[in-house]
Amino acid sequence: MSESKGAVAPMKSGDPEVISYLKNTIRNIQDFPRPGVVYRDITPLLSDARAFRGAVDMLAEFCRSKSPTCIVGIESRGFILGAPVAAALNLGFAPVRKAGKLPFDTVSQSYQLEYGSDTVEMHRDVLTASDRVVVVDDLLATGGTAYATCLLVEKLGAKVEAVAALVDLAFLPWREKLEGYEVKTLVSYDTE
């Protein structure tokens, strides 16, 4: 773990050395959660103060350019990144959770998984038609959860300005699923 005492210098967005630094803090775990899959573990990035700050700063810089009124984060690692982005921009944060986890009146959106389906929800009163949001998550793979979140935001009448994520798996079909939405990622993996 890197030292986190004192100020951590900001990283410059788009700098190849910065992107390489971020990528090098992401751990690759072979055969998880099943054989043949390489899991991209962001917990070492989160425990490295420079990398975490850099990722949040770069995501916030992108989000700022979209002039959002709210940041929407997807359970659970989207909370870890989206909440500090919202705080950095002096905006509110709206969590999107798995079905049955929110205590108030919700709106829901179901989506297909490789085997089966799932549902995400958010509180019905968290967004209005005047809101413009950026959806934040940790990783884009198939794009199903991010797409369902965009539909959920739109059900509430708000506008999705963009989707932002720390990592994308370029060899998986998230682009097709999120066609029509602007997408920004910081680190990309071309192969599994």
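Structure notes:
- Unique residue being under 12 Å from the mean Cα position of the chain (by Cα), at pLDDT 95 or above, crowded, with 18+ Cβ neighbours inside 10 Å and assigned to a helix (DSSP H, G or I) when the list is Ala60, Ala83, Ala51: Ala60
- Within the stretch 89-106, if we keep just the residues that are buried (at least 17 other Cβ atoms within 10 Å of the Cβ) and touching a helix residue (DSSP H, G or I) at 6+ places or on another chain (Cβ under 7 Å), the residue that is nearest to Asp48 (Cα to Cα) turns out to be Leu89.
- Pick from the stretch 107-124, criterion within 19 Å of Thr142 (Cβ to Cβ) and of a type in the set (D, E, K, R), ranking: surrounded by the fewest Cβ atoms within 10 Å (Cβ to Cβ): Glu114
- Filter pass, Val160 being over 13 Å from Ile71 (Cβ atoms), touching a helix residue (DSSP H, G or I) at 6+ places or on another chain (Cβ under 6 Å) and in a strand (DSSP E or B): no
- Yes/no for Val126 being under 21 Å from Leu178 (Cα atoms) and of a type in the set (Val, Ile, Thr): no
- A single entry from Val187, Val153, Val126 fulfils the requirement of being of a type outside the set (Phe, Trp, Tyr) and in a strand (DSSP E or B): Val187.
- Residues of the stretch 1-48 satisfying the condition of being modelled with pLDDT of 85 or more and part of a loop (DSSP other than H, G, I, E, B): Thr25, Ile26, Asp31, Phe32, Pro33, Arg34, Pro35, Gly36, Val37, Ile42, Asp48
The values are calculated or read from the model by the stated rules, or taken from the named source; none is laboratory data. What you see is a predicted model; the values in this text were computed from it and never measured. Here Cβ is always computed from backbone atoms with ideal geometry, including for glycine, and neighbour counts include all displayed protein chains.
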